[in-house]
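Structure first, then comments.
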Amino acid sequence: MPNFSAKDVMDLRGRTGCGMMDCKKALTECDGDVEKAIDYLREKGLAKAAKKQSRIAAEGLVGSYICSKCGTGAIVEVNCETDFVANTPEFKEMVTGIAQQIVRGNPADVEALLAEKYLDTDQTVSEVITEKTAKIGEKISIRRFARYECGENGFVDSYIHMGGKVGVLVKAEVPEVNDTVKEVLHDVALQIAAASPVAPEYVTRDQVNPEHLQHETMILAEQARNEGKPEKIIEKMVQGRINKFYQEVCLVEQVFVKDGETPVGKMIESKVPGMKIAEFTRYKMGDGLEKKVSDLAAEVAEQIGKK
């Protein structure tokens, strides 16, 4: 009997884009460890990159709110059980209201947010959600949120992509706020939301997690060895590929989606000299959450059972 399940194969398949039997073999070779199996597939050149989370499965919306007076912004993911409910005006209005409450109350975490009074009512956020749950007939939960204040020289913007499937909140340090700054920062938010196949994780190279970089270096070195490259040139090859890695995960080094040529950092500098991206948050609705996908599970289980 294999020491992994059909769910493990689905997870690996969704995160790497590899074929079912390649995923099964990788899990077999790695004793059912999904993370090690991802590395195995990458080392063999079968997976170019691996998503951080499993396939999107939960329903809900990512919403945002920017205060027109103070400029503080918030982004929040609220989950429900069906796409039908997520697309109702009532649910959308509630998500925006929760984002507005995050701007107002500055809660430390979801638990603190649930205990706050909801906007100008006497109900707590938790009571509002309970009431909506009873009315709609589906479980509703706040999963995560982020909040950015402008500060003295800051400007905050958001971009909601694909009707709430992806949302971005981004903050920049700017010399002054004008129409050009607003346009450029909105383009940057769009870039973060729409970047494909790899969404940015950092603003600049110096922000890359050392453990992430070390892990990527090890994977790239093993890839080169599996390609039969001699050890004396592997180091140079890896350095070249690490530069490409930076271009994928660092926002300012990504190619600007609107022209397909210019790095984002150069686009910003050419239009708003002195503008710097301070931080950003990108939520993809349902990342890491799962719901039942019966047909695919049955297909995978059938494949695993084959000799």
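The values are calculated or read from the model by the stated rules, or taken from the named source; none is laboratory data. Bear in mind that the values here come from a model prediction, so they are computed numbers and not experimental data. Ideal geometry is used to build each Cβ from the backbone, glycine not excepted, and the neighbour counts take in all protein chains shown. For accessibility, only protein heavy atoms count, side chains too; no ligands or nucleic acids. Shrake-Rupley method; radii C 1.70, N 1.55, O 1.52, S 1.80 Å.
Values for this structure:
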{"quantity": "Among 121, 82, 133, residue whose mean-square fluctuation peaks in a GNM of the chain (springs only between Cα atoms under 10 Å)", "calculated": "121"}
{"quantity": "Local electrostatic count at residue 125 - Lys and Arg +1, Asp and Glu -1, tallied over other residues with Cβ under 15 Å", "calculated": "-3"}
{"quantity": "Loop GluC sites (Glu not before Pro), region 201-231, which have at most 15 other Cβ atoms in a 10 Å radius of their Cβ (DSSP)", "calculated": "227"}
{"quantity": "Only Lys, Arg (+1) and Asp, Glu (-1) charged, at Cβ; region 51-200 dipole about Cα centre in debye", "calculated": "480 debye"}
{"quantity": "Within region 204-247: Cβ-based charge dipole about Cα centre, in debye rounded to nearest 20 (Lys, Arg +1; Asp, Glu -1)", "calculated": "220 debye"}
{"quantity": "Point-charge dipole on Cβ atoms (K/R +1, D/E -1) for the chain, about Cα centre, debye to 20", "calculated": "840 debye"}
{"quantity": "Cα shape, the chain, gyration tensor, a/c 1.5 rule", "calculated": "oblate"}
{"quantity": "Cα-projected label distance for residue 180 with residue 3, points at 7 Å along beta-carbon direction, nm", "calculated": "6.2 nm"}
{"quantity": "158, 270, ranked by accessible area, largest first (probe 1.4 Å)", "calculated": "270, 158"}
{"quantity": "Expected 222 nm ellipticity per residue - DSSP helices of 4 or more, -39500 (n - 2.57), all of the chain, to 500", "calculated": "-14500 deg cm²/dmol"}
{"quantity": "Mean Cα-pair separation over length for the chain, i.e. relative contact order, pairs under 8 Å, 6 or more apart, %", "calculated": "21 percent"}
{"quantity": "DSSP H segments from the chain that extend 20 Å or more along their own axis, Cα-based, with Kyte-Doolittle mean of 1.0 or above", "calculated": "none"}
{"quantity": "Point-to-point label distance, residue 233-residue 122, nm (Cα→Cβ direction, 7 Å offset)", "calculated": "7.8 nm"}
{"quantity": "Selection from 153, 220, 191 lying farthest towards where the dipole of the chain points positive, charges on Cβ", "calculated": "220"}
{"quantity": "Listed residues 212, 186, 161, most fluctuating in the chain (Gaussian network, C-alpha, under 10 Å)", "calculated": "212"}
{"quantity": "Spacing of the two label points (7 Å from each Cα toward its C-beta) at residue 83 and residue 69, in nm", "calculated": "4.0 nm"}
{"quantity": "Aspartates and glutamates whose Cα lies under 19 Å from that of residue 182, excluding same-chain neighbours fewer than 8 positions away", "calculated": "149, 152, 157, 173, 259, 269, 279"}
{"quantity": "Region 75-218: relative contact order as a whole-number percent, Cα under 8 Å and 6+ apart", "calculated": "20 percent"}
{"quantity": "Gap separating the Cα centres of region 100-165 and region 206-225, nearest whole Å", "calculated": "37 Å"}
{"quantity": "Cβ-based charge dipole, the chain, positive-most Cα from 63, 20, 134", "calculated": "20"}
{"quantity": "Cross-link reach list, aspartates and glutamates versus residue 117, counting only Cα pairs under 12 Å and skipping chain neighbours closer than eight places", "calculated": "127"}
{"quantity": "Anisotropy class of region 125-242 from Cα gyration tensor, a/c 1.5 cut", "calculated": "oblate"}
{"quantity": "Charge-dipole axis of region 188-254 as Lys and Arg at +1 and Asp and Glu at -1 on Cβ define it, positive-most pick from 202, 230, 254", "calculated": "230"}
{"quantity": "Carbon and sulfur %, accessible surface of the chain computed with the full protein complex present, 1.4 Å", "calculated": "49 percent"}
{"quantity": "Accessible area (Å², per residue) of region 130-271, counting only protein heavy atoms and a probe of 1.4 Å", "calculated": "55 Å²"}
{"quantity": "Beta bridge orientation in the chain: antiparallel %, DSSP, nearest 5", "calculated": "95 percent"}
